[in-house]
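Presented below is the structure to which this report refers.
Just so you know, all these numbers are worked out from the coordinates, no wet-lab data involved. All figures in this text were calculated on a predicted structure; none of them were measured in a lab. Cβ atoms come from the backbone with ideal geometry, glycine included; neighbour counts cover every protein chain shown.
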Amino acid sequence: MFHRLGLVRGRRRRRGDAYAVVFLDLDELKAVNDGFGHAAGDEVLRMYARRIRQSVRRRDLVARVGGDEFLTVLDGVHDIEEARTLADKIRLNVAAPVTIPGGTVASTASVGVALAATDESVEAVVARADRAMYQVKRSGGDRVVALAKSGRAADAATSLPGDQRPTGN
């Protein structure tokens, strides 16, 4: 993933446009493992991974980077607002309930976004997106926060009641 992210960075620098990194952590996935077992938790992770992939464009990259964490690279975004809009689409698609043997589960997502600066290393932009995601976690989850290179955060979205969440693309 980091090799491919480096290729995206090089391509974007040559073209003069930008890319953004989205760091997503599923909120309360431990409850699925505890309540339904690890096999069910693994199936839920696969379903969420598919939803994330379906939420982004063909040229974007998606990878699971840890237990319940996903990294998405939005290739060729124009500004932080476009990146936040795409990240919120991911968040809302993840929030739709998932049916598994034994019941239905729903998880929200804490999402951090960072628009890469021209001179910024891959590691720095990923770390900034990770910091933004942890800001969301500390404030209760189920939101998108974009963290500017300056370190200032801006909320992109607030939580929607479950009946207002979209169920598909």
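Protection proxy ranking for 118-129, 102-113, using the average of other Cβ atoms within 10 Å per residue and placing the highest first: 102-113, 118-129. A straight chain from E43 to E81 at 0.36 nm per residue would run longer than the Cα-Cα distance by 10.4 nm. The residue among V113, F70, A49 whose Cα reaches farthest toward the positive pole of the charge dipole of region 49-148, with charges on the beta-carbon of Lys, Arg, Asp and Glu, is A49. Here region 2-155 is treated with +1 on each Lys and Arg Cβ and -1 on each Asp and Glu Cβ, and its dipole about the Cα centre works out to around 640 debye. Cβ crowding within 10 Å ranks L24, L115 as L115, L24, fewest other Cβ atoms first. The order of the peptides 48-58, 136-146, 75-85 by mean Cβ neighbours within 10 Å, most packed first, is 136-146, 75-85, 48-58. Working value for region 47-100: equivalent-ellipsoid semi-axes of 20, 13, 9 Å, each the square root of 5 times a Cα gyration tensor eigenvalue, largest first.
Two numbers describe the Cα atoms of region 2-155: Rg and Dmax, which are 15.4, 51 Å.
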